[in-house]
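Novice: Structure below; questions to follow.
The values are calculated or read from the model by the stated rules, or taken from the named source; none is laboratory data. If you're wondering where the values come from, they're calculated on a predicted model, not measured in any experiment. For neighbour counting, all protein chains shown are included, and Cβ atoms are generated from backbone atoms with ideal geometry for every residue, glycine included. Areas reflect the complete protein model, heavy atoms only, side chains present, ligands, DNA and RNA absent. Shrake-Rupley method; radii C 1.70, N 1.55, O 1.52, S 1.80 Å.
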Amino acid sequence: MNIHHISRTFRRAQKRSVRMVTRRYSRTRRAMVRTMRRKQRQFQSWRSRQYFVSGALHDLHAAIQRNEDVFVGCAIASVLLVYAFAAAASQLLFFSFQSLNALSDMTGLGMGGLTLVGLGATATIAAWFLVLITNALDLAVLDGAFRRTSSSIRRTMRHALSLTTRVSMAWFLTLASIGAGMLLVNLPFLLYLLSHRHQTLPLGIATLAVLVCLIALYAFSSILLAPLIALYEPKLSLHTTFVRSIRLVQARGRGFVSGLFLLLIAAIGGSWEASVWLQHALHYNGDIVFYLLGMLELVSANLLLTMLYRKRRIARPVAKRAARLDWHRFVPTAPLRS
């Protein structure tokens, strides 16, 4: 009798333990499912609020289609300007080197400094022409994005030309700020290399340097819209353009800019490899191919930044409309559709 009672009590305890374990497992599984569904909803909500490069490409294609004649006309004018500048720059460099050689013989100055001055002047003029081209194409694209119907090639080129110096200064300040920041964060690694000239960086230190560079680029990505703001909002001062760029990008734009920058680095690397292959396989001057592809990639990246500016401007308009655009009559629309 006692043995039977003990066995029955033991079986009841076993069943109770199984029920408790099963109930606990069911509660844990339901909690995990609820957590996963909540995380999935949060991720979908975050993804729906982001602006990716693929969406920018779709919006860019639709904007070009809406203002195709002006965009194509500005592109043709840009190609003619590039060809004229290349022809003039080659002749200018040839005669300038002759003049610098004669000046060096007359004054006794070294050719190194004079050559750097000549190349710097040529690079400055080339950068100014590149900014002019990007301004014209950016204005044509934004006109199409905002459904502007009164634009023309003449008006777009005149507007781009009038703001080229301002945008060039904004680009110079932006690139100088990024360069100075990168130099500052990499100063310890540079000092290490200078103190150990005959050694290479260890793998750990090199990895740390790459991570520091990526973090710095992510931090400085918030000011890359300053040149576009200087173009589209000409009434703002240069200092205000940087402040507005930080406000536009800091919420939901840094990921886009960082991804676009990585894609641009990969595209430039591919262009370099393609130019080297052409030079070895076809015995063709690969430098020209690399320069043309690099210019095309820079212009394309600038157009994608224009789409980001449009997206963020719709989300965060100027406070009290203090600085209105020249096309303030346009009503920004939702994602572009061709």
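Novice: If you rank Met157, Met295 by how much accessible surface each has, with a 1.4 Å probe, what is the order from largest down?
Specialist: Met295, Met157
Novice: Another question, then. I'd like the accessible area for Phe242: 1.4 Å probe, protein heavy atoms, all chains in place, Å² to the nearest 10.
Specialist: About 40 Å², rounded to the nearest 10.
Novice: Taking R0 as 35 Å, what's the FRET efficiency between Ala75 and Ser99 from their Cβ-Cβ distance, rounded to 0.05?
Specialist: My answer for the efficiency is 0.50.
Novice: Let me ask you something else. Pop a pseudo-label 7 angstrom from the Cα along the beta-carbon direction at both His280 and Leu263 and give the gap in nm to one decimal.
Specialist: 2.9
Novice: Considering only the other residues whose Cβ falls under 12 Å of the Cβ of Trp272, what net charge follows from Lys and Arg at +1 and Asp and Glu at -1?
Specialist: -3
Novice: Which ³J(HN,Hα) values, rounded to whole Hz and listed in residue order, are derived for the range 167-175 from phi using the Karplus coefficients 6.51, -1.76 and 1.60 in 6.51 cos²θ - 1.76 cosθ + 1.60 with θ = phi - 60°, glycine and proline given as x?
Specialist: Result, ordered by residue: 5, 4, 5, 5, 5, 4, 5, 5, 5 Hz.
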